[in-house]
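Encoded as C-alpha cells, the structure appears first; notes follow it.
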Amino acid sequence: MTEDGEIRIFAALDFIRDNASAYAKAKADRVFLEEFRKTKKALLMQVAERAGHKSAVAQEREAYAAEDYAAHLQALSAAVEEEERLRWLMVAAQARIEAWRSLESSRRVEARTL
C-alpha cells in the first residue's frame, strides 16, 4: 500500500482511539437522559398534584405539557444526535480499516502468484 494509504489507515485507528471516550460520554449522557425522563415526569406530576390536579391522568397530562419536560426532551434529542454522529464516524473509520485489510490480503495473494 502507498505511504498515503498507510497514513489514512493510521488516521482511522487514531480517530477511534481519540474519540472512544467522547463516544462513551455521549452514550452515557443519552442513557442518563432516557432514564431521568421518568424521574422528571414523576417530579412534574408532584407539582401538578400540589397545583390541585388530583387524578393521576391529570397529573400526567400536566407533566407532559410542562416546559421543563419539553426542555428535557430537547436535551435528549441532542444527546441522541451526538451519540449517533460519533457512532457513524466510528463505523466509517472501522470500514476504512476493513477495506485496507481486504486490499492487503488481496495484495499478498497476488504477490504469491507472481
Can you say whether Ala48 is of a type in the set (A, V, I, L, M), under 30 Å from the mean Cα position of the chain (by Cα) and assigned to a helix (DSSP H, G or I), as far as the supplied structure shows?
no
Criterion violated by Ala12 - all others in (1) over 30 Å from Glu110 (Cβ atoms); (2) surrounded by 15 or more Cβ atoms within 10 Å (Cβ to Cβ) satisfied:
(1)
Tally time: how many residues in region 98-114 are polar (S, T, N, Q) and more than 26 Å from Ala11 (Cα to Cα)?
1
Is it the case, given these coordinates, that Tyr23 is surrounded by 15 or more Cβ atoms within 10 Å (Cβ to Cβ) and modelled with pLDDT of 95 or more?
yes
Filter region 35-52 for residues that are among the polar types (S, T, N, Q) and either at pLDDT below 95 or within 12 Å of Ala66 (Cβ to Cβ) (or both) and give the result.
Gln46
Could we say that Ala42 is out of contact with any helix residue (DSSP H, G or I) (no Cβ under 6 Å at 6 or more places or on another chain) and either assigned to a helix (DSSP H, G or I) or crowded, with 17+ Cβ neighbours inside 10 Å (or both) here?
yes
Looking at Ala79, Ala12, Ala75, Ala63 in this structure, which one is in contact with a Leu (Cβ under 9 Å, 6 or more places away or on another chain) and either closer than 30 Å to Ala95 by Cβ or among the aromatic types (Phe, Trp, Tyr) (or both)?
Ala79
Please find, within region 26-39, the residue that is surrounded by the most Cβ atoms within 10 Å (Cβ to Cβ) out of those that are over 9 Å from the mean Cα position of the chain (by Cα) and of a type outside the set (Val, Ile, Thr).
Leu33
Would it be correct to say that Val80 is in contact (Cβ under 8 Å) with a residue 40 or more places away in the chain and either under 27 Å from the mean Cα position of the chain (by Cα) or within 30 Å of Glu104 (Cα to Cα) (or both)?
yes
Please specify each residue of region 50-65 satisfying the condition of being over 16 Å from Lys38 (Cβ atoms), small (Gly, Ala, Ser) and either in contact with a helix residue (DSSP H, G or I) (Cβ under 6 Å, 6 or more places away or on another chain) or loosely packed, with under 11 Cβ neighbours inside 10 Å (or both).
Ala51, Gly52, Ser55
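The values are calculated or read from the model by the stated rules, or taken from the named source; none is laboratory data. As the structure is a computational prediction, the values presented were derived from the model and not from experiment. All Cβ positions, glycine included, derive from the backbone under ideal geometry; neighbour counts span all protein chains shown.
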